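A quick write-up on the structure given underneath.
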Amino acid sequence: MAKGINKVFLLGNVGRDPEIKSTPGGTVIATFSLATADRQKDQQGQWKDVTEWHNIVAAGRTAEVVRDYAKKGAQIHIEGKIQTRSWDDKSTGAKKYRTEIFVGELTLLGATSDEQNAPNRNSGKAAAQLAETATPNSRSEAGKKVDDGTYITDDDIPF
């Protein structure tokens, strides 16, 4: 059988603050929803925005970045793979399914509305402005100047 391709690219907004858990081995896991929008014509011929909700799962260092910077409303780009889990419901015995996107790479693209309204807050602002990719090997340019006039070095960026 030929090898298949399982690759997903999503650009959307975080629907809820991430839920953070740890495995018994200490790996950090972040789960959250991501909303993507598409424009479609309705039966009357009017354009309408249709929102699709995705279940997102990040692990390891990427999950730590999600925990620290990806808050509700933040715009992000995800590159990953799709996977469907199944299990038997304990109370009814019925087969249950959940389709999730497992994050391979994550790019923070925009601040949440709260961060845009609080210019002195640095929690996600610098990371959002730099739009860095959250992979273990990514680094920003040393001494990069951000909008508020301060300089950021590699030591200031958590990924």
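Here are a few things to note about the model shown:
To keep it simple, each residue is scored yes or no on (1) crowded, with 17+ Cβ neighbours inside 10 Å; (2) more than 15 Å from Glu105 (Cα to Cα).
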residue: Val28; (1), (2): yes, yes
residue: Gln46; (1), (2): no, yes
residue: Glu52; (1), (2): no, yes
residue: Ala58; (1), (2): yes, no
residue: Val65; (1), (2): yes, no
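- Of the candidates Lys48, Lys71, Lys3, Lys7, the single residue that is closer than 17 Å to Ile101 by Cα and out of contact with any helix residue (DSSP H, G or I) (no Cβ under 6 Å at 6 or more places or on another chain) is Lys7.
- Residue count, region 76-102 (criterion: closer than 21 Å to Val14 by Cα and in contact with a Ser or Thr (Cβ under 9 Å, 6 or more places away or on another chain)): 10
- Going through (1) exposed (fewer than 15 other Cβ atoms within 10 Å of the Cβ); (2) in contact with a strand residue (DSSP E or B) (Cβ under 7 Å, 6 or more places away or on another chain) one by one, Thr92 falls short only on (2).
A short reminder: the numbers here are calculations on the coordinates, not readings from a lab. All values derive from a computational prediction rather than experimental measurement. As a convention, Cβ positions derive from the backbone with ideal geometry for all residues, glycine included, and neighbour counts pool all protein chains shown.
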